Amino acid sequence: MKQLRWIWILGAAAVLLTVLFIIVDRRSKQNEEKAQIGAPKQLLHIDPDVVTDIELNNEDGKIVFSWLDGTWKITEGEQFNVNVYAVNAICNYICNLDSLKTVAFDCDKTDVYGFTDPTTLKVYTTDTDKEHPYILYVGDATPTYDSYYAMVDGSNDVYTIDYNSGTVFCSDRNSLKNRYLFDTSSALVNYYKVEKDGKTVIECKRGSDFYWTMKQPAAFELSNAEMNDLMDVIVRVQIAAFVEDNPEDLAKYGLDHPQSKLTLEGVFNESVKKQEIWFGDMASSDENETQIYGYYSDSKQVFRINRAEISFMNDDIKELMYPFCVQPDIEKLKSVEIDMGEVYDLHETLYLDYANDKYKLGDKDISALDDEDIMQRYQTFYRSIAELRFSEVQLDSKPDPEKEPAIRIVYTENDGKQLKLDFIEKEPNNYYLVKDGTYTGLTVRLNCFTGAGSVTDRYKLLTEKLK
């Protein structure tokens, strides 16, 4: 009897355990199914290559960005310089958007999640018509600020999306503005102009050969290396902050009569881009203030910028110019004659036969001496003349045409063609540079001839060795 009782007890326990297992397993599956319902899911999956327009509606209003000519442009809404990287980020994030979890199914009180006035994004593609875009609504950030609430068109379910995506979607107008003063690469800038108090300080243009030429204030020869370095600086300049769009009163920024203007032109995504930028007053009366107001005349945006960022506009134009008085080609030269008159006891003619490597100083055959040191000193003396630097740009004054030159240099080429440089006294120790009878607009100080390492210094070293 005892054995039958134990068998009965064990059988009952087995049945009970089986029932409990079934109940627990069913509950586990139900919980798993519930968890699965709220699990991450793909909300939007769009091919970014077929996106044509992105419409953004938020507290700043409505803006439509359209993909045109290889870049994002505003086709509806107030115009500003677009930060294409920010719009690209919106496009990339919304085209492949997953939820973190579902927080409410078929929700009828979405206002608690910030959907009373949400940020709304509409994506138009070549595969959809204008009446059926992809639509995403973004509400508030979660209380822990680790995600945002979101909804998609056609569903009342509320999801959470990652915080980074939500922040990108909720970009305000200023974060969508391009902070680079002129956003292109330095090699694609082809026009540069600076005006101060209504007068053009400098105007330059880059040709199809990639060399810069000066248009104003005169056709001075530019240093291509210096101009390229300047463009490298300009394309890196960034705006500190945006202040106002479409201002009604420019005077409060000192922009009704701007102190200076900068005009730039270049190519961006195969389109020509030109901007005129004005600069006005300091941003405050604080003696330690470092920022000034700026203004895009086309998009009518006022901004603040660090004054040091645009210090290049105050540089002397001579810093951008070819620094020498002339550019003689030694291969074409027959002789160089220099006469310093009463300024210095130097009246010599250098004879040059570059093709045959034969050189003379007056009647002294330098090549025949076969002295390496003398030849080197002769060549250095020649370079001190050929690379004579000018000192200042002086366009407002002109030399007396009747006045005799204090110094003269004459370059004669193998075909007999001559280039005559006359240095006419402007004031003591300072001379106008006149080229073939025409004033160049440049002046040369005496120390360019007599300073250490200059013409007279190199002449003395040569003649001492020859003696």
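The table for this structure:
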| quantity | calculated |
| --- | --- |
| Cut-off under 5 Å, modelled amide H: who pairs with Leu181 long-range | Val237, Gln238, Ile239 |
| Relative contact order (%) - the chain, alpha-carbon pairs under 8 angstrom, separation at least six | 8 percent |
| Computed label-point distance, nm, for sites Glu289 and Glu270 using a 7 Å Cα→Cβ extension | 4.6 nm |
| D_trans [Stokes-Einstein, Kirkwood Rh over alpha-carbon pairs] for the range 92-146, 20 °C, 1.002 mPa s, µm² s⁻¹ | 162 µm²/s |
| Rough spin-label spacing in nm, given labels placed 7 Å along Cα→Cβ, for Asp339 and Lys358 | 2.6 nm |
| Portion, in percent, of the accessible area of the chain that falls on carbon or sulfur, probe 1.4 Å | 47 percent |
| Pairs beyond 18 Å (Cα-Cα), from Lys193/Lys318; Lys41/Lys101; Lys130/Lys273 | Lys130/Lys273 |
| Three-way shape label, the range 152-248, alpha-carbon gyration tensor, a/c 1.5 | prolate |
| At least 27 Å along the helix axis (C-alpha) and Kyte average at least -0.5, DSSP helices within the chain | 2-37 |
| Out-of-range pairs (alpha-carbon distance over 25 Å; input Lys261/Lys426; Lys196/Lys300; Lys196/Lys398; Lys73/Lys109; Lys358/Lys465) | Lys261/Lys426; Lys73/Lys109 |
| Full-stretch length increase - Val112, Ser391 - with 0.36 nm per residue and alpha-carbon distance subtracted | 93.2 nm |
| Heavy-atom surface of the range 159-254, accessible at 1.4 Å and reported per residue (Å²) | 47 Å² |
| Translational D in µm²/s for the range 329-412 (Stokes-Einstein at 25 °C, 0.890 mPa s, Kirkwood Rh from C-alpha pairs) | 167 µm²/s |
| √(5λ) per eigenvalue of the Cα gyration tensor, the range 238-330, largest first, Å | 31, 19, 11 |
| Distance histogram in 10 Å bins (all Cα pairs of the range 246-397, percent per bin) | 8, 23, 18, 13, 12, 16, 8, 1 |
| Separation between Cα centres of the range 107-123 and the range 373-410, rounded to whole Å | 77 Å |
| Projected label distance in nm at Thr450 and Met375, using a 7 Å step from Cα toward the beta-carbon | 3.4 nm |
| Per-residue SASA entry for Phe115, accessible area with 1.4 Å probe, Å² rounded to 10 | 20 Å² |
| Centre separation in Å (Cα based) which lies between the range 214-257 and the range 279-323 | 7 Å |
| Per residue accessible area of the range 44-118, 1.4 Å probe, in Å² | 52 Å² |
| Equivalent ellipsoid, the range 281-348 (semi-axes from 5 times Cα gyration tensor eigenvalues, Å) | 51, 18, 8 |
| Rounded FRET efficiency, nearest 0.05, which uses the C-beta distance separating Asp229 from Glu331 and R0 of 22 Å | 0.15 |
| Ranked order, Asp49, Asp422, Asp357 - accessible area, probe 1.4 Å, largest first | Asp49, Asp357, Asp422 |
| Charge context of Ser165, other residues only, Cβ under 13 angstrom, K/R +1, D/E -1 | -3 |
| J(HN,Hα) series, the range 419-431, from Karplus relation 6.51 cos²θ - 1.76 cosθ + 1.60, nearest Hz, glycine and proline x | 10, 10, 10, 10, 10, 9, 4, 9, 7, x, 6, 8, 9 |
| Distant-in-sequence amide H partners of Ser299 (H built 1.01 Å from N, under 5 Å) | none |
| Residue-level accessible surface for Arg307, protein heavy atoms, 1.4 Å, Å² | 120 Å² |
| Read-out volume of the Cα convex hull per residue in Å³, derived from the coordinates shown; its label in (1) 212; (2) 168; (3) 332 | (3) |
| Simple Cβ-charge dipole of the chain, Lys/Arg +1 and Asp/Glu -1, about Cα centre, in debye nearest 20 | 1520 debye |
| Average projected area [Cα convex hull, the range 27-169], square nanometres | 9.9 nm² |
| Relative contact order %, the range 389-441, counting alpha carbon pairs below 8 Å whose residues are six or more apart | 30 percent |
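The values are calculated or read from the model by the stated rules, or taken from the named source; none is laboratory data. Not measured: the values here are computed from a predicted model. Cβ sites come from the backbone with ideal geometry, for glycine too, and all protein chains shown count toward neighbours. All accessible areas refer to the heavy atoms of the entire protein, side chains included, with ligands and DNA or RNA removed. Shrake-Rupley method; radii C 1.70, N 1.55, O 1.52, S 1.80 Å.
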